[in-house]
Amino acid sequence: MADTDTGAPPKVVLVTASLLVAALAVAVAVVALTKNSSGQPEQNQPLALVSVPAPQAGSPDCAKLIAGVPGTLTSNGKELSPRTLAEPAPKATVAWGEPDPVVLRCGLERPPELTRTAQLRVVNKVQWLQIEQGGSATWYAVDRPVYVALTVPASAGTGPLQAISDAISAKLPVKPLTF
């Protein structure tokens, strides 16, 4: 009696379907092992940053600041690890955290938004100019011998700004604002 006489599919179809299901399960397992659960790239991939004009990035002040920044930052109770920067990495630049990093750049040009009427905020003895841009803000330290920018994603909280303010206060002297 043939399998088709009972109304069941032929054995060849059942075996083929079973093999296809097993192959699909293996493929899903391989994909899951090569990506993390959020679908983001594996952690600590080099971070590519665009170059921005930073005429003072090679200055002794930037070298002193970069040497004095914390190894990790705390953001909303979560520790942000340092990121490796992709080559060619901009001078005097440091980044922490994934997937949206906190990025510190030293030796930048004076921000054009810094005017006599600009709203400045003082955080841990450092005067900052905040520039909102989409899902992040860039804070410029404007009262030091070099301009320092800290770009912070909207989700980061105030921890990174406070920690970097402490490092700037400890490493760079205050200077009068220039417009």
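Suppose the chain between Lys64 and Phe179 were pulled fully straight at 0.36 nm per residue; how much longer would it get relative to their current alpha carbon spacing?
Length gained between Lys64 and Phe179: 38.9 nm.
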Extension length gain for Thr158 and Thr72 (0.36 nm per residue less Cα distance), in nm, is 29.5 nm
Taking the Cα atoms of segment 101-176 alone, what are Rg (to one decimal) and Dmax (as a whole number) in Å?
-> 11.5, 32
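For Ala154, what is the net charge nearby, where nearby means another residue's Cβ is under 11 Å from its Cβ and Lys, Arg count +1, Asp, Glu -1?
Net charge around Ala154: -2.
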Based on the Cβ-Cβ distance from Leu120 to Ser81, what FRET efficiency comes out when R0 is 25 Å, to the nearest 0.05?
-> 0.25
Sequence ranges 114-121, 77-84, ranked by mean other-Cβ count within 10 angstrom, highest first | 77-84, 114-121
Probe 1.4 Å, accessible area per residue of segment 58-179, Å² | 49
Where in segment 143-166 does the amide nitrogen come within less than 19 Å of the point 7 Å from the Cα of Arg110, taken along Cα to Cβ?
-> 143-150
Summed residue charge, Cβ within 11 Å of Pro70's Cβ, Lys/Arg positive, Asp/Glu negative = -2
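The values are calculated or read from the model by the stated rules, or taken from the named source; none is laboratory data. Keep in mind it's a predicted model, so treat the numbers as computed, not measured. Don't worry about glycine lacking a Cβ; one is built from the backbone with ideal geometry, like all the others, and counts go over all protein chains shown. For the accessible areas, the whole protein counts, side chains as well, though only heavy atoms, and no ligand, DNA or RNA atoms are used. Shrake-Rupley method; radii C 1.70, N 1.55, O 1.52, S 1.80 Å.
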